[in-house]
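A.B. asks: Please find one structure pasted underneath; my questions will follow.
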Amino acid sequence: MRALSQLVKCAEKLVGSFQINLGEALALTIGFFMAVGALINALPSFWIIPKIGPFQGEYLRAVMMAFGVSVVVFSTGFAQLSLSRDKKYFSLALIFDAALILTTVGIAWDFAVTTIQIQEGLFFFEEYHAWITFVGICIFTLLCWRIWGMPLAIFAIIMVAYYFTGQHLPSLLSIRPMEFIENFPEDMWYNLNKGVIGLIFEIVIFTVFPFIIFGAMLEATGVGASLIRFAFSLTKNTRGGPAHAAVLASSLFGTMSGVPVANVVGTGVLTIPLIKRRGFTPTFAGAVEATASTGGQIMPPIMGAAALIMADTLQISYLVVITAALMPALFYYASLFFTVTFEARRLDIKTGEIGEEMAVTRDDVINLLVLFAAVMVIITVLLNGYSASAAGVLVVLFLLPAGFFCKEVRARPVNLVIGMAKGGTQFSKLLMAIGVVGVVLGVLSSTGLPFRLANAIEILMGHSLLIALIVTAITAIVFGMGMPTLPAYLTIILILGPTLTKLGLSLLVAHMFVFYFGCASSITPPVALAAYAGASIAGAGPMRTGLLALRIGAAMFIVPFVFAFYPDLLLVEEVGGFEWGVLISISLRLLLCLWLLASAFSGYDARKIEWPEIVLRLALAAAVLYTDTLISTGAVVLGVALIGYNYILARRSVAASTA
C-alpha cells in the first residue's frame, strides 16, 4: 500500500508538472503568433520589403485583446495558481480560466463588430452593451491584479466608482450623472480614442510591441552576459570595481530590458555577489544594483515602453525623446559613480583583480558588435524619417540573421524563436496594465476632472511652478508604488499634465518630468520593487536596502527639477533649443551639486566628513542650482573651495601617516 501511495503521489506531481508546462507552452505558442502578427502589422515599406499592414484597427485590437488574455491565463492563470498552492481547487480554477478565455473571445468579437457598426451610421446602445463593458473591465482589472498587484487595479475600481457616483461629491469633484446604458459603453469600451481598448491600446501594439520583441530576442542571444563582462573589464582598475561595473552594466542592460526588476535579476545575480566579495556590505550591493537598474529606463536609445508612448502621444519623433533623455541620464549615472567611489573610499577598498570568469572573450566581442549594430540600425532608421514602430520592426528583422553570429544562437537556433515568443508573453502581461490604464483614461476624459484639478491647483499654489512640480513629484511616486512605470506615467500625466503646462512647462518637459518620477517609484519605499529584488539577491533587509537605494539614487529626484527650470539640458528644439553658455553653466553646476550631494550622503569625500560639513554640503548642493546668478555663483565658489580643502586635508593626513 505504501508503494502504491508513493506511486500515486509521483503521478500527481508528474501531472501537475505537465499541466504547468502545457500552460507555458500554449502561452509561448500564442505569444509567438502575436509577435509575428505585430511585426507584420507595423512592417514599413523598405527596400524590397513590401508593406502589408496596418490591419484594420477594430479587428487588430480585438485579436490582441483575446490573445493577450489567453496568454496571461495559460501562463499565470488561476489553474496555475491552484497547482502551486492548493491542488484541490484545480478543477474549479481550470473551469474559471476557460470561462475567462471564452468570455474574452466573445466580447472581443463584439467589440470589433460593434465599433465598425458605430462608424457606419447612427447607433444606439442596448443594455447588453453595458454589461459587456462591465465584464470586460472586470477581466482586465482581475488579471492586472493577478500580474501587477493591487495598486493599479484598486485605483481603476475607485475611478469606476467615481464615474457613477461623482454627481454626489463636492463641487470640485462633482460631475454630471452618468447613465449605465447610454454613457458607460461609449465612454469606457466601444471607443477607438479613449477607454479600455482605445488609442493607447493601439499605440502599444504598433510601437511598443516590436521593441519588447527585440529586447526578448536580444536576451536570447546571450548579449546580457557579454555586457556584464564588458562592464567589468572597463571598471577593473577602479576602487569600486564590481559596483562600478554594476552601474555601467545596468545602464547598458537597460537597452535590452527597460524594466527595473528584470534589470536587477538579469545583472544582479552576477554583480551583487562580486560587489559583496570586494568588501561592500550586502545592503549597499543590493541598493546600488537597484538604483543602476532603475536608470535603465531613462538611458537611451531604448528606454522602455513609456518613452515610446511619450513620442506617439506628443506626436514627435522618438529620436527627439532619446536626444532629450541623454544628458539627464548621463548625470544620473555620474551620481551613482560618485557614490560608489565615496563608499569605496569610506570602507578603504582597494582596486582588485577580476576573476577569469569575468574576462572578455572573442564571443563577447562578437555579441557586443551585434548589439552595437542593432542600436545603429535603430538610430539610422529614425534619422531617415521612419517611425519608432518601423525602427522596432526593422531591428528585429536585422537580428534574425545577425543573431547567428552569437555563439548561443548557433548552438541552439530555436533561442531566437523562443525569444520572439517570450516577447509575446511579456507584451500580454503589459497589455493587462494598459487595459486598466484605459479605464482610468476613460473616466478622466469623460468627467473632465484633470482640467478642473488644474484650475484649482493653479489657484491654490498661486501660479508657483516649484510647488506644482513638488506636488506632481510626490503624486507620481505615490501612484507609482507597485505599478509598472508606463501605467504610473500615463496616469499622472493625464491627471496633472494640464497643471504643469498651464504654469509654463512645455509638453515634452512635463512628460519627461512625470516619466522620471514614475521610474523613481521603483526605489522609493515602502514599495520599492527594484530595491527589494536587489535585497533578495544580496541577502539584505528589504526596507534597509530600499532606504539606501533612495539615498544612492537621489539624483533621480534632483535632475527632473533641474531640466524643468533649465530645459536647455534637454538639447532639443521642442523645448526651445539651448544656448551653449547656459548649457555649460548648468551642466557644471549640476555635476558639482551631485558631487556635494553624494559625498554628504556618504559622509566621505577624500576623507571623512563631519556633521557640520555634511549640512553645509547639502545646503550648497541646493544653492548651486538656484536661478539667481549671484547666489549660485557664490555657492559654486564655496562648494569648490570646500572640496579642495577636503582633499588638502586628506593629503596632509596621508603624508603625516607615511612620515
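The values are calculated or read from the model by the stated rules, or taken from the named source; none is laboratory data. Just so you know, these numbers come straight off a predicted model, no measurement behind them. Using ideal geometry, Cβ is built from the backbone for each residue, glycine included, and neighbour counts are taken over all protein chains shown. Just the protein is used for accessible areas: all its heavy atoms, side chains included, with ligands, DNA and RNA removed. Shrake-Rupley method; radii C 1.70, N 1.55, O 1.52, S 1.80 Å.
A.B. asks: Assuming R0 = 25 Å, can you tell me the calculated FRET efficiency for the pair Thr238 and Ala359, based on Cβ-Cβ distance, to the nearest 0.05?
C.D. replies: It comes out at approximately 0.90.
A.B. asks: Semi-axes of the stretch 318-395's equivalent ellipsoid from the Cα gyration tensor, sqrt of 5 times each eigenvalue, largest first, rounded to whole Å? All intermediate terms of the calculation are to be shown ahead of the outcome.
C.D. replies: Working: eigenvalues 237, 94, 8 Å².
For the stretch 318-395, the semi-axes come out at 34, 22, 6 Å.
A.B. asks: Sticking with this structure for a sec: In the stretch 408-449, whose amide N lies under 20 Å from the spot 7 Å out along Cα-to-Cβ of Ile459? List them in ranges.
C.D. replies: Inside the label zone: 447-449.
A.B. asks: Determine the per residue accessible area of the stretch 516-596 with all protein chains present and a 1.4 angstrom probe, expressed in square angstrom. Before the final figure, lay out each step's value.
C.D. replies: Numbers: 2850 Å² over 81 residues.
That works out to 35 Å² for each residue.
A.B. asks: Moving on to the next point. Roughly what would the spin-label model give for Leu383 and Val637, points 7 Å off Cα along C-beta, in nm?
C.D. replies: 4.5 nm
A.B. asks: Something else about it: Which of the lysines could be linked to Lys608 by a straight reach, that is with a Cα gap under 19 Å, when you skip same-chain ones fewer than 8 residues away?
C.D. replies: Excluding near neighbours in sequence, the set is Lys350.
A.B. asks: In Å², and per residue, what accessible area does the stretch 193-264 have when probed at 1.4 Å with the other protein chains present?
C.D. replies: It amounts to 22 Å² per residue over the stretch 193-264.
A.B. asks: Setting aside same-chain residues fewer than 8 positions from Lys87, which lysines have a Cα under 21 Å from its Cα?
C.D. replies: Answer for Lys87, where 21 Å is the Cα cut-off: Lys9, Lys13, listed by chain and number.
A.B. asks: Leaving ligands, DNA and RNA out of it, rank Tyr333, Tyr128 by accessible area with a 1.4 Å probe, largest first.
C.D. replies: From most accessible down to least: Tyr128, Tyr333.
A.B. asks: Can I ask one more? Roughly how many Å² of Tyr532 are accessible to a 1.4 Å probe, to the nearest 10?
C.D. replies: About 60 Å², rounded to the nearest 10.
A.B. asks: Where a Cα-Cα gap under 21 Å defines reach, which lysines qualify for Lys422, not counting those fewer than 8 residues away within the same chain?
C.D. replies: Excluding near neighbours in sequence, the set is Lys407.
A.B. asks: Considering only protein heavy atoms, what per residue accessible area in square angstrom results for the stretch 312-411 with a 1.4 angstrom probe?
C.D. replies: That works out to 46 Å² per residue.
A.B. asks: Computed over the Cα atoms, what is the radius of gyration of the chain divided by 2.2 N^0.38 Å, N being its residue count?
C.D. replies: 1.01
A.B. asks: Kindly state, to the nearest 0.05, the FRET efficiency for Trp109 paired with Thr627, given R0 = 51 Å and r defined as their beta-carbon distance.
C.D. replies: Details: r = 57 Å, r/R0 = 1.12.
Using R0 = 51 Å, I get an efficiency of 0.35.
A.B. asks: What's the FRET efficiency of Glu573 with Glu179 using the Cβ-Cβ distance as r and R₀ = 41 Å, to the nearest 0.05?
C.D. replies: Details: r = 46 Å, r/R0 = 1.12.
My answer for the efficiency is 0.35.
A.B. asks: Kindly give Rg over Rh for the stretch 472-521, based on alpha-carbon atoms, with the Kirkwood expression for the hydrodynamic radius.
C.D. replies: Rounded to two decimals, Rg/Rh equals 0.95.
A.B. asks: Run the numbers for Val478 and Phe372: contour at 0.36 nm per residue of separation, minus the present Cα-Cα distance, in nm.
C.D. replies: Length gained, Val478 through Phe372: 34.5 nm.
A.B. asks: Along the Cα→Cβ direction, 7 angstrom out, place labels at Trp131 and Leu466. What is the inter-label distance in nm?
C.D. replies: 5.8 nm
A.B. asks: Counting only C-alpha contacts under 8 Å and six or more residues apart, can you give the relative contact order of the stretch 555-659 as a whole percent?
C.D. replies: Working: 87 pairs, mean separation 21.6, N = 105.
Reported relative contact order: 21 percent.
A.B. asks: For the stretch 430-531, just say rounded, prolate or oblate: build the C-alpha gyration tensor, square-root its eigenvalues into a ≥ b ≥ c, call rounded for a/c under 1.5, and beyond that prolate if a/b exceeds b/c, oblate if not.
C.D. replies: Oblate shape, in that a/c is at least 1.5 and b/c is the bigger or equal ratio.
A.B. asks: Just subtract the alpha-carbon distance of Arg607 and Ser653 from 0.36 nm times their residue separation and send over the number in nm, one decimal.
C.D. replies: Result: 15.7 nm gained on full extension.
A.B. asks: If you don't mind, there's one more thing I want to ask. For the stretch 196-309, divide the Cα radius of gyration by the Kirkwood radius and give the resulting Rg/Rh value with two decimals.
C.D. replies: 1.06
A.B. asks: Residue separation times 0.36 nm, minus the C-alpha to C-alpha distance between Lys87 and Phe404: what's the value?
C.D. replies: Net length gain for the segment: 109.8 nm.
A.B. asks: Kindly report, to the nearest 10 Å², the accessible surface of Lys608 as traced by a 1.4 Å probe over protein heavy atoms only.
C.D. replies: Only protein atoms counted, so the area is about 120 Å².
A.B. asks: Please work out, to two decimal places, the log10 of the ratio I(q)/I(0) at q = 0.18 Å⁻¹ from a Debye calculation in which every Cα of the stretch 508-632 carries one identical scatterer.
C.D. replies: Results for the stretch 508-632 at q = 0.18 Å⁻¹ read -1.05.
A.B. asks: Oh, and also: Which log10 I(q)/I(0) values does the stretch 356-495 give at q = 0.20, 0.21 Å⁻¹ under the Debye formula, counting every alpha carbon as one identical point scatterer?
C.D. replies: -1.17, -1.21
A.B. asks: I'd like the distance between the alpha-carbon centres of the stretch 227-249 and the stretch 140-196, rounded to an integer number of Å.
C.D. replies: One Cα centre to the other: 47 Å.
A.B. asks: For n ≥ 4 DSSP H runs only, could you compute -39500 (n - 2.57) per run for the chain, divide by its residues and tell me the 222 nm figure to the nearest 500?
C.D. replies: Working: 29 runs with 490 residues, N = 659.
Calculated at 222 nm, the ellipticity per residue is -25000 deg cm²/dmol.
A.B. asks: Carbon-plus-sulfur fraction of the accessible area of the chain, 1.4 Å probe, in percent?
C.D. replies: The computed percentage sits at 68.
A.B. asks: At 7 Å along Cα-to-Cβ for each site, give me the label-to-label distance between Phe164 and Phe565 in nm.
C.D. replies: Modelled inter-label distance: 4.7 nm.
A.B. asks: Related question: Extent of the stretch 151-190 along each principal axis, from alpha carbon coordinates, in Å, largest to smallest?
C.D. replies: Answer, in whole Å and largest first: 29, 29, 11 Å.
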